[in-house]
Amino acid sequence: MKMMFLDESGDHSLDKIDSTYPIFVLAGCIFDFEYYHVKVVPEIQALKIKHFGNADVVLRSYDIRKQKNNFSVLVDKTKREAFYADLNSVMSALRYTVIAGAINKHGLKAQGGDPDNPYHLCFRFIMERVVAFLAPMHERVMFRIESRETHNDRRLGQEYETFKKGTSGMKSSEIQARFSDLSFNQKSQNIAGMQIADLVAYPIGKWVMDAKKENKAFEVIKSKIHAEKGDIMGYGLKVLP
């Protein structure tokens with residue numbers, strides 16, 4: 001059994017687009033069920049205890065970058081460098097596979113008409129690639145997604161159920177053989193896999209914006225992105241439009 005945790009970077013709204021980050025990313029991280037509980041959770045807890053004194057801290061990319069809340073201690077350069085060194089080491093050493101979708105919101109809006117919800121577009125791609133990724137392993141996956149209020153969760157649940165009925169390229173039986181269930185979780189639940197997905201999403205967004213710009217965090221997780229013959233595009237990452 002596999003577990004896939006999903007979290008986003010950026011706002012999925014097309015009404016107001018942040019010119020400094022006009023990207024939406026939905027990133028999913030796949031873990032082996034037993035490995036996740038035996039290895040991943042303890043490693044993340046140990047990282048938090050070492051640098052913040054307790055395991056109740058929720059790793060959140062935005063707060064870490066801005067040195068806010070529990071991460072205000074990172075204002076100290078020595079502590080910041082030590083934390084990033086350990087975080088990068090953990091993110092690199094853990095075994096997981098990333099499948100993500102990214103949307104250039106200006107580009108999507110420029111296509112005209114009534115653009116689809118960026119979150120839903122990314123989720124459909126992720127579901128498609130998850131089926132293809134797991135098929136040779138004959139594995140099933142449980143989806144664990146960050147809750148975004150009841151009405152958004154309900155709509156995403158509908159997308160999931162519709163996808164399970166089959167697509168133009170996949171039969172319903174193929175999909176249902178791979179999917180176990182879907183649930184929504186709050187950040188306050190302090191779920192390690194959700195926090196890893198959060199940490200993965202932003203570097204992908206920055207890379208999509210400018211692949212030539214230095215992006216140390218992306219270099220750490222690049223090898224985790226699902227690829228075929230060394231190519232991540234269309235396999236572990238899809239950028240729309």
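Brief remarks on what is shown
- Residues within segment 175-196 that are surrounded by 17 or more Cβ atoms within 10 Å (Cβ to Cβ), in a loop (DSSP other than H, G, I, E, B) and under 17 Å from the mean Cα position of the chain (by Cα), tallied: 2
- Scanning segment 21-30 turns up no residue that is open to solvent by 90 Å² or more (accessible area, probe 1.4 Å) and either out of contact with any helix residue (DSSP H, G or I) (no Cβ under 7 Å at 6 or more places or on another chain) or among the aliphatic types (A, V, I, L, M) (or both).
- Exactly one residue among Ser89, Ser9 is closer than 17 Å to Leu199 by Cβ and in contact with a Phe, Trp or Tyr (Cβ under 6 Å, 6 or more places away or on another chain), and that residue is Ser9.
- Residues in segment 17-56 that are hydrophobic (A, V, I, L, M, F, W, C), modelled with pLDDT of 95 or more and part of a loop (DSSP other than H, G, I, E, B): Ala55 only.
- Looking across segment 79-117 at every residue that is among the small types (Gly, Ala, Ser), open to solvent by 20 Å² or more (accessible area, probe 1.4 Å) and on the phi < 0 side of the Ramachandran plot, the one that is modelled with the lowest pLDDT is identified as Ala110.
- Restricting segment 110-127 to residues that are out of contact with any Leu (no Cβ under 7 Å at 6 or more places or on another chain) and among the aliphatic types (A, V, I, L, M), the residue that is farthest from Met233 (Cα to Cα): Ala110
- Among the residues listed as His37, His51, the single one being open to solvent by 30 Å² or more (accessible area, probe 1.4 Å) and under 20 Å from the mean Cα position of the chain (by Cα): His37
- Selection status of Ser147, under 30 Å from Gln176 (Cβ atoms) and open to solvent by less than 40 Å² (accessible area, probe 1.4 Å): yes
- Taking segment 2-16 as the range and being at negative phi and in a loop (DSSP other than H, G, I, E, B) as the test, the residues that pass are Asp11, His12, Ser13, Leu14, Asp15, Lys16.
- When the residues of segment 59-78 are filtered to those that are open to solvent by 40 Å² or more (accessible area, probe 1.4 Å) and hydrophobic (A, V, I, L, M, F, W, C), the one that is farthest from Met4 (Cα to Cα) is Val75.
The values are calculated or read from the model by the stated rules, or taken from the named source; none is laboratory data. Predicted, not measured: the structure shown is a model, and the values here were computed from it. All Cβ positions, even for glycine, are placed from backbone atoms using ideal geometry, and neighbour counts span all protein chains on display. Note: areas computed on protein heavy atoms with side chains; ligands, DNA, RNA excluded. Shrake-Rupley method; radii C 1.70, N 1.55, O 1.52, S 1.80 Å.
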